[in-house]
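Reviewing the structure listed below.
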Amino acid sequence: MTSDSSLPLTMIVPDFPFSYDRWLSHPEGLGSVPSDRIGAEVAVVGGGMAGMTAAYELMRLGLRPVVYEAGQLGGRMRSVPFPKHPRHIAEMGAMRFPLSARSLFHYVGLLGLTSRPFPNPLAPQTPSTVIDLNGSQVSTRGEDELPEVYREVADAWAKSLQERTELSLMRSAIRERDVCTLKSVWNRIVREFDDVSFYGFLAGSPAFRSFRHREIFGQVGFGTGGWDTDFPNSVLEVLRVVFTGADTDQVLLEGGAQQVPCGLWTHAPAAAARWPAGTTLASLHEDGPRPAVTALRRRGDNIQVEDKSGEARDYPAVVFTPHVWTLLSRIECDSSLLTTPQWLAVERTHYMGSSKLFVLTDRPFWRDTDPRTGRDTMGMTLTDRMPRGGASMSFVKAGLLILRVLVLFRLRG
């Protein structure tokens, strides 16, 4: 198979290789619903990016989404302006997005938003990167200036991916939406590595025979920073990120990421079944989203949704978009809502967290030049000490999972 490298990588996850971005651009849209279901209400729990996407597309199909939100629209795409300095935004949730998130950027383009490269470690747009490892510091403006040992580690990672996971072939299949090749290679990878941890994969790679190389890789990593916190996880989780390019070519959205979900709330689609021109999610919710959901119960063929106000409504379908663990900890649920294997999967789902601290300064003092070296006084830092630089996986996964939803019940036709 020959690859056309001009085709973009996209978030076709190997387990479920569905080219959603192509459906979004299709002249016929995402499809249609039976005529007797036009105007039917569908509950959408959660007003984050996934909830706003689901509600917006349901509205386009001619259904009537009813959005429930416990806090404010945006969810983990939350942008907070500094008091008295509203032009300056702190991204309290997701703040960088890979260009391979083609579905997300469909909506970014729809809303006319702009982006710029995110200053990841060693990225061309990052003025300088400082690697502080085992008490030794290296300051560099790019990979070409790295000491030999770091280039050896980068080469070991590239060789391990190519020799053991057929990276080039997988990315070619993703670019060309070649599902047969994608599934063929992925099925082989799953059989071989299903019970292998990330660290086990590295330790079993000939290119990573050196413990020192594995240690450096864990601290410095690739793309967005060190990955040693993910060493115990399945290597399949890491490969899903790498194959789809979620760890590279990341951008931030000018003006804040929250503009995307909030923009979908007020955006009138060019064409929507049933609804008159100018209809928006906001116009369908005159009093705003309904409050937090407190209970979900089966009622025959319907799902009953009870909210914080005490009101309970029955819906033929519910789209649930918050973290699934809220079904165990914050929402009263009938045991019959999901099957036993599904409840078990919910119980075994884990999330990584992170914290952020933003401080508004009068100038970018980190760009001051050190007269002794001629370099920036400070830089993007990768370190084995407490103030870790680089990415938290939660932010990377924000791009990966931006459109992932849990459908509790299908609309009957």
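The values are calculated or read from the model by the stated rules, or taken from the named source; none is laboratory data. Keep in mind that this is a model prediction, so the values were computed, not measured. Heads up, the Cβs are rebuilt from the backbone with ideal geometry, glycines too, and the neighbour counts pull from every protein chain shown.
When the residues of the range 129-146 are narrowed to those that are exposed (fewer than 15 other Cβ atoms within 10 Å of the Cβ) and of a type in the set (Asp, Glu), which ends up nearest to Ile216 (Cα to Cα)?
Glu143
Within the set of pairs 6 or more residues apart or between chains, which connect a residue that is closer than 29 Å to Thr381 by Cβ inside the range 104-121 to a residue that is basic (Lys, Arg) and assigned to a loop (DSSP other than H, G, I, E, B) with Cβ atoms less than 6 Å apart?
Phe118/Arg96
Suppose we filter Gly29, Gly51 for residues that are over 28 Å from Gly93 (Cβ atoms) and not in a strand (DSSP E or B); which single one remains?
Residue meeting the stated conditions: Gly29.
Among the residues of the range 197-230 satisfying the criterion of being of a type in the set (Phe, Trp, Tyr), over 20 Å from Glu166 (Cα atoms) and crowded, with 19+ Cβ neighbours inside 10 Å, which is modelled with the lowest pLDDT?
Trp227
Scan the range 242-249 and tell me whether some residue there is over 14 Å from Tyr107 (Cβ atoms) and part of a helix (DSSP H, G or I).
The answer is yes; a qualifying residue exists.
Looking only at the range 63-118, filter to residues that are aliphatic (A, V, I, L, M) and part of a strand (DSSP E or B); which one of those is surrounded by the most Cβ atoms within 10 Å (Cβ to Cβ)?
Among residues in the range 63-118 that are aliphatic (A, V, I, L, M) and part of a strand (DSSP E or B), the one surrounded by the most Cβ atoms within 10 Å (Cβ to Cβ) is Val67.
Six or more apart or on different chains, Cβ atoms under 8 Å: show the pairs whose first residue is in the range 208-221 and within 14 Å of Pro121 (Cα to Cα) and whose second is part of a helix (DSSP H, G or I) and among the small types (Gly, Ala, Ser).
Listed by first residue and then by second, the contacts come to Phe217/Ala156.
Quick check on this structure: which one of Thr181, Thr165, Thr126 is closer than 30 Å to Met378 by Cβ and surrounded by 15 or more Cβ atoms within 10 Å (Cβ to Cβ)?
Thr126
Mind listing just one residue for me: the one in the range 260-282 that is hydroxyl-bearing (Ser, Thr, Tyr) and surrounded by 13 or more Cβ atoms within 10 Å (Cβ to Cβ) and, of those, farthest from Gly47 (Cα to Cα)?
Thr279
Step by step: first the residues of the range 283-340, then only those that are hydroxyl-bearing (Ser, Thr, Tyr) and either in a strand (DSSP E or B) or more than 28 Å from the chain's Cα centre (by Cα) (or both), then the one that is nearest to Leu264 (Cα to Cα). Which residue is that?
Ser283
Pick from Leu73, Leu61: which is touching a residue at least 60 places away in the same chain (Cβ under 8 Å) and touching a Cys at 6+ places or on another chain (Cβ under 6 Å)?
So the residue among Leu73, Leu61 that is touching a residue at least 60 places away in the same chain (Cβ under 8 Å) and touching a Cys at 6+ places or on another chain (Cβ under 6 Å) is Leu73.
Would you say Pro387 is at pLDDT 80 or above and exposed (fewer than 15 other Cβ atoms within 10 Å of the Cβ)?
Criteria not met by Pro387.
Residues of the range 352-380 being of a type in the set (Ser, Thr, Tyr), over 30 Å from Pro232 (Cα atoms) and modelled with pLDDT under 80, which ones?
Thr373, Thr377
Could you check the range 141-152 and list, in sequence order, the residues that are assigned to a helix (DSSP H, G or I) and at pLDDT below 90?
Glu143, Asp144, Glu145, Glu148, Val149, Tyr150, Arg151
Here is a check on your reading of the model: is Gly310 among the small types (Gly, Ala, Ser) and surrounded by 14 or more Cβ atoms within 10 Å (Cβ to Cβ)?
no
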